Amino acid sequence: MPTWISGRVRKAPENFVQGEGVRTVFAEARAGRRDFIRGAFATAASGMAAGVAVAQGVAGDGESAILNLPAHSTGLGQAVATDGYGKPSRYEANVQRRQSPGLTQTKQASVSFAPLQSLFGIVTPSGLHFERHHQGWWDIDPSQHRLMVNGMVKAAKVFTMDEIMRLPSVSRFHFIECGANTGMEWGNVAVPTVQYTHGMLSCSEFTGVPLITLLELAGADLKKGRFVLAEGADGSSMTRTIPMELIESGEVLVAYGQNGEMLRPEQGYPLRLVVPGVQGVSWVKYLRRIEVGDQPWAAKDEAVHYVDLMPDGLHRQYTSIQECKSVVTTPSGGQMLLDKGFYNITGLAWSGRGKVQRVDVSVDGGRNWRTARLESPVLSKCLTRFNIDWVWDGKPAIIQSRAMDETGYVQPNYQQLRAARGSRSIYHNNAIQSWAVQESGEVVNVQLS
C-alpha cells in the first residue's frame with residue numbers, strides 16, 4: 001500500500017494558446033505549414049506552464065483554514081434555486097471543452113475537445129461533451145421535427161417526437177469517439193495535452209428507442225434490406241451507411257435523452273443515432289430519415305472522408321469500429337509533479353468490440369508492465385476507468401497504458417500500428433500514448449520509435 005503522503009500535481013495549462021497565437025496558427029495552417037503548428041503548440045504550452053503559481057496552504061502554528069471559521073461557516077448561504085438550471089462552481093470555470101487552432105478553417109465545420117484531464121469516473125458531463133460539426137449546430141423545435149423511415153419497407157412511415165417518446169425506451173452507457181481522435185499524432189508528437197491528443201472522446205448514458213423497433217413498425221424487409229442510410233437534418237446533409245447486423249442486435253438507438261435529460265442542441269437535439277462502438281460520424285445528429293436498402297450508399301463521408309490510407313497506397317473504406325484503446329489522463333501532458341512520493345496513475349480505456357478485459361501500465365517506457373485496477377462498472381462499448389499506485393523517485397519516467405478487450409485484441413504501440421497501417425493516415429489511431437515525466441516533474445508528450 002502507498003504512504004498517505006500523496007504527491008501533488010499541478011494542473012495542465014488551460015487555453016494555452018492566446019488569441020493572437022490562434023490567428024497566427026490559422027494563417028499558417030492555410031499556408032499548409034504543419035510544422036509551424038506543432039511548434040506553436042509547444043511554445044505556447046511551455047510559456048503558460050512557467051506562469052502558473054503553486055498554492056501553499058500551511059501557515060504558522062496551524063492551518064488557518066481550520067482554526068478560523070470562514071464566512072460560509074458562520075452565515076446564510078445563497079437562496080434555493082437562484083438558478084433554475086445549475087452550473088459548476090466558479091472555481092472550476094477553467095474546465096471547459098476547447099477548440100484546437102489549425103484543424104478547421106470555419107467556426108461551423110469545427111471540433112471541440114473534452115477536458116479529459118479534469119474529469120472523474122466514466123461519464124462526461126453533457127456540457128463538456130466534445131462537439132464535432134460539419135455545418136454548425138441548431139436548436140430545432142421538437143414539435144416540428146419528424147423522422148421518416150422509407151426504402152425497402154411495406155409503407156414509408158413518418159414519426160413525430162411524441163410518437164417516438166411514447167414507445168418503450170432503453171438507457172445505456174456508451175462511449176463516442178471521433179474517428180479522427182488522436183489523428184494529429186499519426187506522424188509525430190503534435191499537441192501537448194491529453195485534452196488535445198484524445199479529447200474527441202466522451203461517454204454518456206443515452207436514452208431512446210432501438211432502431212429495430214421503428215424498422216419493424218414500418219415493415220422493413222430485414223431479409224433483403226441489409227443496410228440503412230441515416231440522414232441528418234442539418235445543412236451538411238450528413239449521411240452514413242449502417243449495416244443491418246448492428247441494428248438487429250438491438251444496440252443501435254434513436255436517442256432523445258443524454259445523462260438523464262434531453263439531448264443538448266450541440267449533440268443533435270431532438271434526435272440522434274447512437275451506434276455503440278462505431279466512430280462518431282455515424283452517430284448522425286438531428287436525425288430525420290432512415291432508408292432501408294440492399295447495399296452501402298458510398299456517401300461522401302464514407303467513400304472519400306473517414307477512410308484509411310494504407311502502406312500500399314490504397315484507401316481502406318467502411319472501417320467504422322473503434323478498436324481497443326486507452327490513455328493515462330493523470331499524470332499527462334502539461335501537468336507537473338511537485339513532489340517525490342505516491343501518485344495515483346489513472347486513465348480511461350475503451351473498445352468498440354465489447355468490454356475492456358485488462359489494462360497494463362508501464363512507467364519505464366514499456367520495458368515492464370503492471371496490471372491496473374479496473375473501476376466498476378465495466379460495460380460493453382463504454383469507457384472504463386483504471387487506476388494504479390506509483391511512487392515517483394524523482395527520476396525521469398515514461399508512463400504508458402496498454403488495454404486489452406474481451407476479444408483478446410491488444411492495443412498496439414506506434415511501431416506495430418505503423419507496420420500495419422502506414423504513417424500517413426488521419427483516422428483510427430489507437431496507438432499507445434507515452435507521457436515523459438522529467439526530473440523537474442514536468443510531464444510532456446513524447447513518442448517512442
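The values are calculated or read from the model by the stated rules, or taken from the named source; none is laboratory data. Given the structure is predicted, the values throughout are model-derived calculations rather than measurements. Glycine gets a Cβ as well: all are built from the backbone with ideal geometry, and neighbour counts include every protein chain shown. These accessible areas exclude ligands, DNA and RNA; they are computed on the full protein's heavy atoms, side chains included. Shrake-Rupley method; radii C 1.70, N 1.55, O 1.52, S 1.80 Å.
Annotations
- Counting only helices (runs of 4 or more DSSP H) that sit completely within region 153-227, those holding 1 or more residues that are surrounded by fewer than 18 Cβ atoms within 10 Å (Cβ to Cβ) correspond to 161-165, 211-217.
- For region 427-439, the tally of residues that are in contact with a strand residue (DSSP E or B) (Cβ under 8 Å, 6 or more places away or on another chain), open to solvent by less than 70 Å² (accessible area, probe 1.4 Å) and outside any strand (DSSP E or B) stands at 5.
- Residue within region 324-341 that is in contact with an Asp or Glu (Cβ under 6 Å, 6 or more places away or on another chain), touching a residue at least 60 places away in the same chain (Cβ under 8 Å) and under 23 Å from Thr241 (Cα atoms) present: yes
- Scanning region 261-279 for residues that are open to solvent by 10 Å² or more (accessible area, probe 1.4 Å) and more than 17 Å from Ser169 (Cβ to Cβ) yields Arg264, Pro265, Glu266.
- Being of a type in the set (Gly, Ala, Ser), at negative phi and under 19 Å from the mean Cα position of the chain (by Cα) holds for only one residue in Ser204, Ser143, and it is Ser204.
- Test for Val281: is it assigned to a strand (DSSP E or B), over 30 Å from Ala436 (Cα atoms) and not acidic (Asp, Glu): no
- Any pair with Cβ under 8 angstrom, 6 or more apart, that starts in region 220-236 at a residue that is over 13 Å from Met148 (Cβ atoms) and ends at one that is aromatic (Phe, Trp, Tyr) and open to solvent by less than 20 Å² (accessible area, probe 1.4 Å): Asp234/Tyr286
- Scope region 354-411; condition farther than 30 Å from Gly250 by Cα, among the hydrophobic types (A, V, I, L, M, F, W, C) and open to solvent by 40 Å² or more (accessible area, probe 1.4 Å); matching residues: Val363, Trp369, Val391, Ile398
- Residues satisfying the criterion are absent from region 97-109 (criterion: among the charged types (D, E, K, R), surrounded by fewer than 19 Cβ atoms within 10 Å (Cβ to Cβ) and free of Cβ contacts under 8 Å to residues at least 12 places away in the same chain).
- Hey, Glu251 charged (D, E, K, R), in the same structural domain as Gly183 (by the TED database), over 16 Å from Tyr427 (Cβ atoms) and not in a loop (DSSP other than H, G, I, E, B) or not: no
- Residue in region 338-352 that is modelled with the highest pLDDT, counting only those that are over 14 Å from Val378 (Cβ atoms) and in a loop (DSSP other than H, G, I, E, B): Gly352
- Members of region 315-329 found to be assigned to a loop (DSSP other than H, G, I, E, B) and either on the phi < 0 side of the Ramachandran plot or open to solvent by less than 30 Å² (accessible area, probe 1.4 Å) (or both), listed by number: Gln317, Thr319, Ser320, Gln322, Glu323, Cys324
- Selection over region 412-426 of residues that are open to solvent by less than 50 Å² (accessible area, probe 1.4 Å) and without any contact (Cβ under 8 Å) to a residue 60 or more places away in the chain gives a count of 3.
- Checking each residue in region 256-278 for being among the β-branched types (Val, Ile, Thr) and not in a loop (DSSP other than H, G, I, E, B) picks out Val274, Val278.
- All conditions but one from (1) closer than 28 Å to Thr213 by Cα; (2) free of Cβ contacts under 8 Å to residues at least 60 places away in the same chain; (3) surrounded by fewer than 23 Cβ atoms within 10 Å (Cβ to Cβ); (4) not aromatic (Phe, Trp, Tyr) apply to Gln295; the one that does not is (2).
- Number of positions in region 121-137 that are in a loop (DSSP other than H, G, I, E, B) and either buried (at least 17 other Cβ atoms within 10 Å of the Cβ) or touching a strand residue (DSSP E or B) at 6+ places or on another chain (Cβ under 8 Å) (or both): 9
- Ser332 vs. criteria under 30 Å from Gly441 (Cβ atoms), polar (S, T, N, Q) and either assigned to a loop (DSSP other than H, G, I, E, B) or open to solvent by 40 Å² or more (accessible area, probe 1.4 Å) (or both): yes
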